[in-house]
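The numbers here are math on the coordinates, done by the rules we state, and not lab data. Just so it is clear, the structure is predicted and the values come from calculations on it, not from any experiment. When we count neighbours, we look across all protein chains shown, and the Cβ atoms used for this are built from the backbone with ideal geometry, even at glycine.
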Protein chains: 4
Amino acid sequence: MTDTATPQWPPFLSLFAQELTQNLTPKLLTQLMRSVGTQFSRQHTLHFAGTVADMQKGMNDVWRELGWGRVEIRDAQSWLVLTHHRAPLRTVFGPDNLTWAGAFLEGVYEAWMHQLGADSHLRVTAAGSVDPADPSGTMVFLFGK
Amino acid sequence: MTDTATPQWPPFLSLFAQELTQNLTPKLLTQLMRSVGTQFSRQHTLHFAGTVADMQKGMNDVWRELGWGRVEIRDAQSWLVLTHHRAPLRTVFGPDNLTWAGAFLEGVYEAWMHQLGADSHLRVTAAGSVDPADPSGTMVFLFGK
Amino acid sequence: MTDTATPQWPPFLSLFAQELTQNLTPKLLTQLMRSVGTQFSRQHTLHFAGTVADMQKGMNDVWRELGWGRVEIRDAQSWLVLTHHRAPLRTVFGPDNLTWAGAFLEGVYEAWMHQLGADSHLRVTAAGSVDPADPSGTMVFLFGK
Amino acid sequence: MTDTATPQWPPFLSLFAQELTQNLTPKLLTQLMRSVGTQFSRQHTLHFAGTVADMQKGMNDVWRELGWGRVEIRDAQSWLVLTHHRAPLRTVFGPDNLTWAGAFLEGVYEAWMHQLGADSHLRVTAAGSVDPADPSGTMVFLFGK
């Protein structure tokens with residue numbers, strides 16, 4: 001690797017996350033992360049999506065560009081289930097901090113849904129990873145009441 | 001870029017930095033960043049350095065590995081002047097946040113100096129970038145009393 | 001004054017407020033104070049009030065008990081105007097911090113209004129003190145859309 | 001009690017303390033409180049004290065004025081033991097928050113000792129209350145290495 005390599009952020013971010021948890025509670029960190037997600041959605045706005053498949057494609061265009069994995073959206077009657085594969089949050093923030101770090105994605109998905117015209121009362125909530133021991137970074141979110 | 005690309009952090013980090021400045025003062029953020037720097041130095045310990053050139057080489061081994069630019073150390077009588085070229089902090093955190101974001105490097109350099117045996121009363125302080133308008137990310141630090 | 005005098009808090013609180021502003025932004029402090037106000041309203045619940053005069057009386061029973069001044073409520077068509085006389089916040093927190101410190105009262109009044117059955121979309125906002133130079137601690141709040 | 005009664009702060013402070021613990025860690029709150037103590041000592045400076053008895057008297061003049069109980073200082077060879085009786089912190093902040101709230105007194109005592117000429121390396125540390133179940137508010141601090 002030469003001097004002009006792309007800067008790596010994970011070593012810094014991991015330590016920064018630890019320092020933040022030494023000073024701020026998970027409650028406040030969750031709130032900050034959700035807000036960061038909302039801001040992110042404003043910088044990466046989605047166009048109109050007529051179908052769940054369109055929606056998924058629009059979101060994955062953003063994630064692909066960033067190398068942040070991909071989302072799969074399933075319509076489960078009164079909910080949309082969003083399964084985000086290979087989210088990089090777990091690796092960098094650590095499993096202990098995943099609850100608050102994952103609030104970033106909650107914020108992004110909720111704001112995207114509202115951008116696309118969903119009722120402003122509907123919320124995104126984390127449903128936990130498919131398997132807590134799974135290091136792959138899969139995270140599941142529910143969108144609904 | 002494929003789905004398995006290396007995740008990019010700068011877009012997230014820039015927004016996270018903005019959110020932090022909305023809630024925490026530069027004073028507190030400076031303190032947190034310095035502490036992150038100290039932790040970083042413990043994860044990337046330097047071996048004995050008999051000369052300033054050795055010291056510089058040891059530090060640059062770490063920065064090269066991370067793609068974080070390179071440092072040049074100059075002995076200026078009662079000070080060591082550390083000029084860090086291409087530090088990625090400015091690009092990601094923005095010029096407005098460089099004072100507190102740069103405290104990360106202050107913390108790293110100070111802890112490294114103490115690891116190498118320097119008197120614990122000696123401190124690293126930022127001397128500002130060589131040219132405030134310079135977007136290259138050069139940051140200068142002084143080590144001394 | 002003997003050893004068993006009632007402990008005085010203002011000297012401590014003034015310094016505590018200054019320390020908080022050194023570390024947390026007015027935005028975060030405002031949010032915290034509003035939340036403290038909401039909690040306060042839960043500890044000092046108001047009974048049913050059929051008229052504005054009843055409402056005012058219920059609130060002043062709480063403030064009188066605490067020596068926190070008194071509120072006067074005026075019905076101004078689409079708003080209720082709440083004028084809080086002799087609020088002790090200005091003296092203790094200082095004029096510079098009154099915006100965020102006053103969010104405590106915003107939180108109290110808003111939660112009280114909702115307790116009494118007001119539409120949950122209606123909000124309390126600070127209208128500033130009647131006269132910025134007035135040291136008496138009068139603070140005015142509007143309740144409405 | 002009339003409208004012009006002295007404002008009571010404990011109900012507000014108790015809720016404020018709870019809100020702070022919802023957002024900031026005990027580690028950060030301890031640091032803030034110590035700093036508040038240092039500032040307090042600058043507003044209530046002690047005059048020269050030739051003896052431990054003088055020192056105790058100077059401190060108790062401050063505490064008496066505020067109704068904050070009284071301190072008893074005992075010379076225990078390499079330590080000074082400061083026993084603060086009827087500190088109002090426990091009642092207001094609650095036993096769960098006493099560790100960080102008590103850092104206020106640590107900061108005050110340490111800064112006072114340094115004002116009086118003690119070696120700047122010597123520190124005040126909390127020794128816990130004499131009896132954890134004791135609601136009287138007695139707090140013990142050690143001053144030494």
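Points to keep in mind about this one:
- For residue D:24, nonlocal amide neighbours, meaning residues 5 or more places apart or on other chains whose placed amide H falls under 5 Å from its own, are A:25.
- Residue of C:23, C:60, C:97 that the Gaussian network model of chain C assigns the largest fluctuation, springs spanning Cα pairs under 10 Å: C:23
- Three-way shape call for the protein assembly as shown based on the alpha-carbon gyration tensor, with the a/c threshold at 1.5: oblate
- Kirkwood Rh, angstrom, the stretch D:9-144 [1 / mean 1/r, Cα pairs]: 15.1
- For B:29-39, mean number of other protein chain Cβ atoms within 10 Å: 4
- For the pair residue D:72 and residue C:5, a Förster radius of 22 Å applied to the C-beta separation gives a FRET efficiency near 0.75, rounded to the nearest 0.05.
- Loop sites in the stretch C:30-124: chymotrypsin sites (Phe, Trp or Tyr not before Pro), DSSP, at most 13 other Cβ within 10 Å: C:48
- When chain C is treated as a GNM with alpha-carbon contacts under 10 Å, the residue of C:52, C:81, C:108 showing the greatest mean-square fluctuation is C:52.
- Helix D:10-23 and the longest principal axis of the C-alpha atoms of chain D enclose an angle of approximately 90°.
- Over 24 Å apart at the Cα level, from the set A:27/A:145; A:27/C:27; A:27/A:57, are A:27/A:57.
- Computed [θ] at 222 nm, helices only, for chain C once each DSSP H run of length n ≥ 4 contributes -39500 (n - 2.57): -14500 deg cm²/dmol
- Residue A:127-residue B:99 FRET efficiency (beta carbon distance; Förster radius 41 Å; 0.05 resolution): 0.50
- With the label put 7 angstrom out from Cα along the Cα-to-Cβ vector, residue C:64 ends up 3.7, 7.1, 8.0 nm from the copy partners, going from closest to farthest.
- Crossing angle, helix C:103-115 versus chain C [Cα axis fit, 0-90 degrees, rounded to tens]: 30
- Of all the options A:88, A:26, A:11, the one that moves most in a Gaussian network model of chain A with Cα springs shorter than 10 angstrom is A:11.
- Label-point separation, residue C:22 to residue D:53 (7 Å along Cα→Cβ), nm: 3.7
- For residues of A:87-96, the mean tally of beta carbons on other chains within 10 Å: 1
- Whole-angstrom gap from the stretch D:69-145 to the stretch D:3-23, using each part's C-alpha centre: 23
- Look at the stretch D:58-67: the mean tally of other chain Cβ atoms within 10 Å of its residues' Cβ atoms is 3.
- Degrees, to the nearest 10: C:26-43 long Cα axis against longest axis of chain C: 60
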